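Notes follow the structure.
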Amino acid sequence: MSASMILKESSDIRDGFARAFSDGISPSALTFDMAANTGLFQPSRGYAVQQTAPIRAMDPTGTPANFVWTYNKLVKINGIGIDAIDDSVISIGDLTGDVCRSINNMLYNTDVSATPMNGVGSLADFAGAGAIDMSSNLPGRDGKTDLCVTTSDGKYVYFKVVVEK
């Protein structure tokens, strides 16, 4: 159930990006906040509503500050857009392994006991603090617009591409 809710939340946020773009906000100007004229969550436009993931999806050893939706404009993914150019993703970290595996199973019919693919970067990188380069070839990860991965610091993070470049 938690995996389904996270996938639904990510789709709702992605739809908000599409509404903002169709309203004339450029991808480079859009912000992941409530700022007037540029914010995805600005109350006057209602492009998207800030989401609160189900608490049962959070790793019990995790940090609540990491268990929130974040936005990173510095992510390269092999097979998405032009590999050498940054895409933009939303992500949520500090998920349980079970939820991460369930997300991948729902998306790609992977075995629910399969270890999630290795992403690149730490949980902090996915949260917007750093660039993430997944442009190298890795079968099973390439070309996926969303996926739950294991970070370099052993955390589970689900990401969804919201802007392909």
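Here are the numbers for the structure shown:
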quantity	calculated
Sequence-separation-based contact order of the chain, relative, with Cα cut under 8 Å and 6+ spacing, percent	23 percent
Charge dipole (debye, nearest 20) of the chain; +1 at Cβ of Lys and Arg, -1 at Cβ of Asp and Glu	220 debye
Computed E for residue 49/residue 152 - FRET, C-beta separation, R0 30 angstrom, nearest 0.05	0.40
Spatial extent of region 1-163: Rg and Dmax, with the Cα atoms as the point set, Å	15.0, 45
Net charge of neighbours whose Cβ lies under 14 Å from the Cβ of residue 79, counting Lys and Arg as +1 and Asp and Glu as -1	-2
Other-chain or far-sequence residues with amide H under 5 Å of residue 163's (modelled H)	88
Lysine pair count for region 30-165 [Cα-Cα under 17 Å; pairs on different chains or 8 or more apart]	8
Computed E for residue 33/residue 85 - FRET, C-beta separation, R0 30 angstrom, nearest 0.05	0.80
Sites residue 23 and residue 61 - FRET efficiency at Förster radius 45 Å, r taken between beta-carbons, to 0.05	0.65
Dipole of the chain [Lys/Arg +1, Asp/Glu -1 at C-beta], most positive-end residue of 136, 122, 27	27
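Bear in mind that the values in this text are calculations on the coordinates, not laboratory data. Here the structure is a predicted model, which means the values were calculated and not measured. A quick note on method: Cβ atoms are made from the backbone with ideal geometry, for glycine too, and the neighbour counts reach across all protein chains shown.
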